[in-house]
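These notes concern the structure reproduced below.
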Amino acid sequence: MNDSRILLAHGNGGRFMRELIADVFARHLSNPVLDTDADAVHLPGLEGEIMVTVDGFTVQPLEFPGGNLGSLAVHGVVNDLAVAGAEPRYFTLSAIIEEGLEVAVLDRLIASFAAAARENGVAVAAGDTKVVRHGEGGGLYLSVAGIGVRRARAPLSMQGIQAGDAVLVSGPIGDHGIAVMLAREQFGLSGDLASDSASVLPLARAVWDLPGLRFLRDPTRGGLATVAHEIAHASGHAVVLEQARVPVRDTVQSVCEMLGYDPYYLACEGRIVAVAAPRTAQQVLAAWQDLPGGSEAAVIGRIEAGRPQLILETELGGRRILEELEDDPLPRIC
Amino acid sequence: MPTDDPQARRITLAGHVQGVGFRPFVYRLAVELGLRGWVKNVTGRVEIHAEGDSANLDAFARGLIAQAPPLALPRLLGNEVAKPSGLDDFRILESSASAEADIHLPTDNFVCPQCLAEMQDPGNRRYRYAFTNCTQCGPRYTLIRALPYDRANTAMAGFPLCPACRAEYEDPMDRRFHAEPIACPVCGPHLEYVEAGSAPTGDDEAALAAAVAALKAGRIVAVKGIGGYHLMCDARREAAVQALRARKPRPAKPLAVMFPDLDSLARQVSLPPGAASLIASPARPIVLLPKGKTSDLAPGIAPGLAEIGCLLAYSPLHHLLLRDLGGPLVATSGNISGEPVLTDNAEATVRLARIADAFLHHDRPIVRPADDAVYRPIVQCPRPVRLGRGTAPLELELPRPLAEPVLALGSHMKNTLCLAWNDRAVLSPHVGELDSERSLATLAQVAEDLQRIYQVRARRLLLDRHPGYGYRRWARDSGLPLREIWHHHAHASALAWEFPGVTDWIVFAWDGVGLGEDGGLWGGEAFVGGPGRWQRRASLRPFRLPGADSTGRAPWRSAAALLWETGEAAPFAPELLFQAWQRGINAPASSAAGRLFDAAAALTGVCSQASFEGEGPMRLEAIAESSSSPWRRGSSLIGLGSRLRGSDVPPLPLSRDESGLWRSDWAPLVAMLGDTTLTQAERAYRFHASLALALVDQAERLREEAGCHEVGLTGGVFQNRLLTELALAMLEQAGFRVHLPARVPVNDAGVSFGQVLEFLALQQ
């Protein structure tokens, strides 16, 4: 059936659906816990503080340089648990499939999902599929709940953030936003830029227990600037980023300049922002730089006493305000 | 005249009669004429009771106006016969408690000729003292912390008067009677010269000598003045100018030049009639003046432009520096681009460290920043481009009282604030572009200070409709009710205020980009109506701006947009940008005339990448002015319209769009602008002429429709003298009466005041 397309009948509870689940979902995702015939399952081996998160995923195109919707969904949920100090253990997966999606594409996406889950030690414990009419969905939506066990010793929260703390990022920002946009618009550009979609679990693990680590977050939609705004609001302090220290790839920078975008607002899918006491910051940096996903990590700024806002220190010594993202930013040069 | 038959008069005066030594002046005049009675401040006016013989009373009344201190500008409100009460001397009475409506915050002024003469007199105790002032001169706005205007409420609070100064301060016959900032070398502020890596200099003379030596050696010195720091260097040394440009960095934006006196200024630039009195006025603004033929100023001061921003030394310190140096100095704001000028010694030291070789500080605090004001002569009259030190706060009168006090927050660029209550409005000095932390902090401080000093609490904030302007969050956090005003309505209403006799208008509001009523980015609009009832009736053909906000500094983007809109290729623009533009990614449509000027600057090759806002249009205008186009016929504008209509200047088709709006189509300009068989100057001139013709065509259509022949021109584009003068000449020849603002800037600095007027009209 791999050369065919999804029909409404794949969602009607009958034979087509049973075959789809067996041939695509169960084939890739099978593990001892997953029982496609049961209504609910027991999750064995969970001891300690249980953590749970849920996230829905949609992306156009479904496959892009550096990843696809399947791996993106796994990384998204793994990363949410990782920055909260938890080892991910189990997922649930709900797939909303649009009528007409090529089964081969679905198969690749679920295979990619399964591979990424395995790499991160996660088992899919429960699943569901629905089919919506053509035109009512973006090919495939995935909704994933993640269950994990907390391993970080101290709770990581924005409330612990103090003036004087350092802000770090684990790698260049905006790769995902630009890579996906270029792929979506099918610009005749065969650049080498790939999404940064990745699990940050190894990076998070490496710093969980450093005394003086205050807070971790993965910047996704809204990018670095949006995480920084959240930090500013929650801590009541200003977040100051130094433009020259924020890692941005040349390709991302030049596409941003050309199209008039600000890289600070672009989505990342495989980075962590950390806030740490100044001395800890050097340990975080050293730990990250030793890991494959962290070689370009950098201290990019600091927390300053003052009103909660985001300031970008430019290379010329200016202190520019980066506003919270608006729905639809309009030009304002008069 | 029998002196034993005393008469009495009750005289009332208004105007700038407080904080300028007006009561001591009245006292001295009365004593000279042998009159008895009293003078006092009452609710913003001065009331006088004078007794004496009628000839002396008449002379007194005349002298009150004719001999008044230059800053006072008194107006006689009443001169009535009163009952003599047999007083035996003349007294200055304590002020009556002044009501909120009558508080006046004075502006910062130059050092007056008398003080300057004292500074040049080796026998005077203020010989070469850099902080000399009196009731007739010196800083006010930048050192007043609170009213009443007493020394304790100023930046001079930390400098107790020495006995000699105190004697002057308390002597009603002295011109320093109650001069709050007075000082002398014994009790006042002092200079300090600091060079990186060396110890601060000792006394004032050593500091001055070191600063002058550094300037002579071609170095850049940050000099603390009245409203902030200037970055200064020798205006005749190209290497120094280039070093300043490289370090700031400010590759091309024109730099202001400060001259010691009018004579030395007139050797470098030409002084049109009317400009000399403005440039020498107590406000001492920067005035843009045509470069002279024999100037020895460094060419890098205003590259590609035909004018230089000139000002005269205004503070005592400037006089000393320029005199000792013996020549003009570049005097540009000591700031980071777009931010308000720096005022604090420690902050300036840090933030200007990479630009200045040395600092000439002083220890008189600057309470709030005030940049130098800027004027440009257009159509026979210097018109404000920027309000600042000496010209702001600008106190204005509303046509009717407001129901409640309001604070208008103006625009995002060239921000100013306007506090208004009853029938008064106070327009702040230039705050800056609201992208920076310091601009927003200054906005908050000025908002707070104006309300505190004028003892008025705004009950409502007025803001632009644009949701992304930098003050949005501050406004939300204030908790006050917000009222949004359309950008171009504010422009039009500010203009209309200057001409209260006109009720029905055709107003052209041409600028960069402002949010319009249909959600589009307007900036080439024509409205009919009046405040509170503006209707858009004409515009320009819209075009989509590739890269949205980034278009402002990249004229080549607007040029690409015009080419792409007309189906042409733009070989200079990246393919990726074209594809994004085609798909509408970050490419909103705009009808802004400012962007059309940008496009023209790029298509003619005059300027494709701007290093400052407006560089393209400014350079385009400068090169157009150099054109020897046959239609110019010298400088005569007579018959210009018919001459241009028969010429090679492309006419722009005017037709109604599907919504009934008149639209001028710029498409015929594209081929002309790229026609390399014509000189750049010729193309630039034809572009200006073509747009002026399009404006006249629109005005004629709207006159047919609306029956109105009063035309106003507003918006930043009309800082362009060539366009404005061409449009004005042709409009007048077509029978229109044309009005240009002269009191409030035509650019976005006037938006805050316009918001107040539009709000006031909408309240009716």
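The values are calculated or read from the model by the stated rules, or taken from the named source; none is laboratory data. Computed from a predicted model, the values in this text were never measured in an experiment. Here Cβ is always computed from backbone atoms with ideal geometry, including for glycine, and neighbour counts include all displayed protein chains. Just so you know, the surface numbers come from the protein's heavy atoms only, side chains and all, with ligands and any DNA or RNA stripped out. Shrake-Rupley method; radii C 1.70, N 1.55, O 1.52, S 1.80 Å.
Side notes on the structure shown:
- Residues located in segment A:17-39, provided they are part of a helix (DSSP H, G or I), of a type outside the set (Asp, Glu) and open to solvent by 40 Å² or more (accessible area, probe 1.4 Å): A:17, A:18, A:21, A:22, A:27
- Residue B:234 surrounded by fewer than 22 Cβ atoms within 10 Å (Cβ to Cβ), more than 14 Å from chain A (Cβ to nearest Cβ) and of a type in the set (Asp, Glu): no
- Residue that is nearest to the other protein chains (Cβ to nearest Cβ) [pool: residues in segment B:334-348 that are among the charged types (D, E, K, R) and without any contact (Cβ under 8 Å) to a residue 40 or more places away in the chain]: B:347
- Which listed residue is more than 14 Å from every other protein chain (Cβ to nearest Cβ) and within 30 Å of residue B:306 (Cα to Cα), from B:746, B:756, B:711, B:751: B:711
- Note on segment B:507-547: residues that are within 12 Å of chain A (Cβ to nearest Cβ), open to solvent by 10 Å² or more (accessible area, probe 1.4 Å) and out of contact with any Asp or Glu (no Cβ under 9 Å at 6 or more places or on another chain) total 2.
- Filtering segment A:303-323 for residues that are more than 13 Å from chain B (Cβ to nearest Cβ) and open to solvent by less than 10 Å² (accessible area, probe 1.4 Å) leaves a non-empty set.
- For segment A:188-221, the candidate set comprises residues that are in contact (Cβ under 8 Å) with a residue 60 or more places away in the chain and either within 18 Å of residue A:60 (Cβ to Cβ) or within 14 Å of chain B (Cβ to nearest Cβ) (or both); within that set, the residue that is surrounded by the most Cβ atoms within 10 Å (Cβ to Cβ) is A:197.
- Of all residues in segment B:470-490 being touching a residue at least 60 places away in the same chain (Cβ under 8 Å) and open to solvent by less than 10 Å² (accessible area, probe 1.4 Å), the one that is nearest to the other protein chains (Cβ to nearest Cβ): B:487
- Residue within segment B:117-124 that is open to solvent by less than 40 Å² (accessible area, probe 1.4 Å) and not in a loop (DSSP other than H, G, I, E, B) present: yes
- Index of the failed condition, residue B:435 passing every other in (1) closer than 28 Å to residue B:740 by Cα; (2) of a type outside the set (S, T, N, Q); (3) modelled with pLDDT under 95; (4) open to solvent by 30 Å² or more (accessible area, probe 1.4 Å): (1)
- Tally of residues being surrounded by 21 or more Cβ atoms within 10 Å (Cβ to Cβ) and in a strand (DSSP E or B) across segment B:451-469: 4
- Look at segment A:169-187: where a residue is facing chain B (nearest Cβ under 10 Å) and closer than 14 Å to residue A:61 by Cβ and a partner is open to solvent by less than 20 Å² (accessible area, probe 1.4 Å) and in a loop (DSSP other than H, G, I, E, B), sitting 6+ places away or on another chain with Cβ atoms under 8 Å, you get A:182/A:193.
- Long-range neighbours under 9 Å by Cβ, at least six apart or interchain, first residue surrounded by 14 or more Cβ atoms within 10 Å (Cβ to Cβ) and among the aromatic types (Phe, Trp, Tyr) within segment B:86-97, second modelled with pLDDT of 85 or more and not in a strand (DSSP E or B): B:90/B:26; B:90/B:27; B:90/B:30; B:90/B:31; B:90/B:35
- Residues located in segment B:491-506, provided they are in contact with an Asp or Glu (Cβ under 6 Å, 6 or more places away or on another chain) and either within 13 Å of another protein chain (Cβ to nearest Cβ) or surrounded by fewer than 20 Cβ atoms within 10 Å (Cβ to Cβ) (or both): B:502
- Qualifying residue in segment B:691-700 (condition: surrounded by fewer than 20 Cβ atoms within 10 Å (Cβ to Cβ), touching a residue at least 24 places away in the same chain (Cβ under 8 Å) and in contact with a His (Cβ under 7 Å, 6 or more places away or on another chain)): no
- Residue within segment B:189-207 that is closer than 30 Å to residue B:25 by Cα and either polar (S, T, N, Q) or open to solvent by less than 10 Å² (accessible area, probe 1.4 Å) (or both) present: yes
- Residue check, residue B:30 open to solvent by less than 10 Å² (accessible area, probe 1.4 Å) and outside any loop (DSSP other than H, G, I, E, B): yes
- Options B:275, B:280, B:246, B:252: the member that is farther than 28 Å from residue B:135 by Cα and either touching a helix residue (DSSP H, G or I) at 6+ places or on another chain (Cβ under 7 Å) or touching a residue at least 24 places away in the same chain (Cβ under 8 Å) (or both): B:252
- Within segment B:386-423, being surrounded by 24 or more Cβ atoms within 10 Å (Cβ to Cβ), under 18 Å from residue B:742 (Cβ atoms) and aliphatic (A, V, I, L, M) holds for B:387, B:392.
- Test result for residue B:221, among the hydrophobic types (A, V, I, L, M, F, W, C), buried (at least 23 other Cβ atoms within 10 Å of the Cβ) and either modelled with pLDDT of 95 or more or closer than 12 Å to residue B:357 by Cβ (or both): yes
- Selection of segment B:18-38 for residues being touching a helix residue (DSSP H, G or I) at 6+ places or on another chain (Cβ under 8 Å) and on the phi < 0 side of the Ramachandran plot yields B:26, B:29, B:30, B:33, B:35, B:36.
- Residue A:241 within 14 Å of another protein chain (Cβ to nearest Cβ), crowded, with 21+ Cβ neighbours inside 10 Å and closer than 13 Å to residue A:273 by Cα: yes
- Exactly one residue out of A:278, A:292 is more than 10 Å from chain B (Cβ to nearest Cβ), at pLDDT below 95, open to solvent by 50 Å² or more (accessible area, probe 1.4 Å) and more than 16 Å from residue A:174 (Cβ to Cβ): that is A:292.
- Filter pass, residue B:260 being farther than 30 Å from residue B:619 by Cα, open to solvent by less than 40 Å² (accessible area, probe 1.4 Å) and either out of contact with any Asp or Glu (no Cβ under 7 Å at 6 or more places or on another chain) or without any contact (Cβ under 8 Å) to a residue 12 or more places away in the chain (or both): no
- Only residues that are open to solvent by 20 Å² or more (accessible area, probe 1.4 Å), polar (S, T, N, Q) and touching a Pro at 6+ places or on another chain (Cβ under 9 Å) were counted across segment B:649-690, and they come to 0.
- In the set (1) away from chain B (no Cβ under 14 Å); (2) surrounded by fewer than 20 Cβ atoms within 10 Å (Cβ to Cβ); (3) among the polar types (S, T, N, Q), residue A:251 fails one condition alone, (1).
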